[in-house]
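Chemist: What follows is a structure written as structure tokens; I'll ask about it next.
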Amino acid sequence: MADVSAKRQRDPEATKELSHQTKTVKTDCENGRGESENETNLLSGFQTTIVLSDSAREKNIFVHGKLADQNAVVILEKTPIREDALADIFTASTLKLEMRNDIYSTYRLQAPPHLNEIKATLVCPATEKHVNKYQRQESFLVEETAEDYQSITLPYIQKQSFSVQWVYNILDKKAESERIMFEDPDPELGFVLLPDFKWDQKQLDDLYLIAITHQKNVKSLRDLTSEHLPLLQNIFQKAKEAIVKHYSLPASKLRVYLHYQPSYFHLHVHFTKLGYEAPGCGVERAHLLADVIQNLQADPNHYKTRTLYFPLRADDGLLTRFKEAGRL
């Protein structure tokens with residue numbers, strides 16, 4: 001999963017495809033065009049159907065409902081407390097005492113409006129897949145051999161025809177061009193680097209950037225061979241340099257990795273600040289780019305031949321395929 005430009009314009013197909021990615025409420029669900037911060041509250045007509053999941057630890061809630069007779073999912077998240085806001089929080093807030101015991105006391109603190117934001121993300125129109133994606137479900141760890149990939153996973157991916165048109169829109173500068181903070185335009189080794197929608201770009205503690213390759217024929221980790229080492233090394237080096245230049249964040253403070261399985265099948269690399277527990281950064285899904293490069297240097301076909309492990313949710317169609325094949 002952040003800020004969306006106030007001047008986006010997409011063709012109908014691009015709007016449809018981009019609904020597969022969570023967008024902020026500032027993006028109109030009909031025409032994909034963001035308006036000013038003072039626009040009419042788009043969520044005023046939202047009718048709640050069910051709470052899909054919530055987390056007291058993450059301080060977020062996922063809600064399914066209707067907006068203008070369309071299925072929609074709204075994600076509400078408490079925004080991080082920034083160090084530069086502390087002075088205003090301490091001086092301009094109101095306190096209501098809840099409990100006092102010896103040296104300890106707790107209060108209800110009401111921060112001033114400009115510091116009391118909730119990030120609202122809207123997916124509209126939402127498909128059944130979106131609803132299932134955000135619903136709390138049990139997960140299972142899948143063991144995928146090279147043979148499993150060819151006989152189970154790859155046919156499933158091809159049959160599902162997961163569209164990445166929204167990715168091509170970014171690469172072709174038809175959408176989100178104003179959000180690109182760095183680009184290497186080389187068609188073979190190049191990539192674009194831009195903020196992930198999960199980052200609101202207001203503080204570095206949860207920095208989250210995505211490098212998307214210009215190459216369009218590499219779906220995931222499984223497709224990588226030693227032939228792709230120049231591409232991976234170029235991303236690793238130039239993206240880190242761009243982040244140092246743009247955010248003054250050294251490479252030693254970054255976690256750089258690929259997901260397997262990825263959320264969309266076009267090769268991309270995640271850059272997050274070390275210490276930020278970004279979704280999907282656990283060992284069961286994340287593969288450090290430095291390790292990927294070393295593995296391919298040692299064995300050109302490492303990821304085509306090795307067994308890979310990854311989590312799947314109970315409702316995932318691929319999990320059903322593995323069960324049917326007797327692999328789970």
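Chemist: Looking at the stretch 252-260, is at least one residue buried (at least 18 other Cβ atoms within 10 Å of the Cβ), aliphatic (A, V, I, L, M) and part of a loop (DSSP other than H, G, I, E, B)?
Modeler: The answer is no; no qualifying residue exists.
Chemist: Return the only residue of GLU241, GLU284 being at pLDDT below 95, open to solvent by 60 Å² or more (accessible area, probe 1.4 Å) and either touching a helix residue (DSSP H, G or I) at 6+ places or on another chain (Cβ under 9 Å) or not in a strand (DSSP E or B) (or both).
Modeler: Every option except GLU284 fails the conditions.
Chemist: Now a separate question. For the stretch 140-190, what are the residues that are open to solvent by less than 10 Å² (accessible area, probe 1.4 Å), touching a Leu at 6+ places or on another chain (Cβ under 8 Å) and closer than 12 Å to THR213 by Cβ?
Modeler: The answer is ILE170, and nothing else.
Chemist: Here is a further query. Of everything in the stretch 89-122, what is among the acidic types (Asp, Glu) and closer than 24 Å to ASN60 by Cα? Give them in sequence order.
Modeler: Hits for the stretch 89-122 are GLU98, GLU117.
Chemist: Hey, among the residues in the stretch 62-112 that are among the hydroxyl-bearing types (Ser, Thr, Tyr) and at pLDDT below 90, which one's least open to solvent (accessible area, probe 1.4 Å)?
Modeler: THR79
Chemist: Determine whether the stretch 218-236 contains at least one residue that is more than 27 Å from LEU141 (Cα to Cα), part of a helix (DSSP H, G or I) and hydroxyl-bearing (Ser, Thr, Tyr).
Modeler: yes
The values are calculated or read from the model by the stated rules, or taken from the named source; none is laboratory data. Values in this document were obtained by computation on a predicted structure and should not be read as measured data. In this analysis, Cβ positions are derived from the backbone assuming ideal geometry, glycine residues included, and neighbour counts consider all displayed protein chains. We work out accessible area using only protein heavy atoms, side chains counted, and drop any ligands, DNA or RNA first. Shrake-Rupley method; radii C 1.70, N 1.55, O 1.52, S 1.80 Å.
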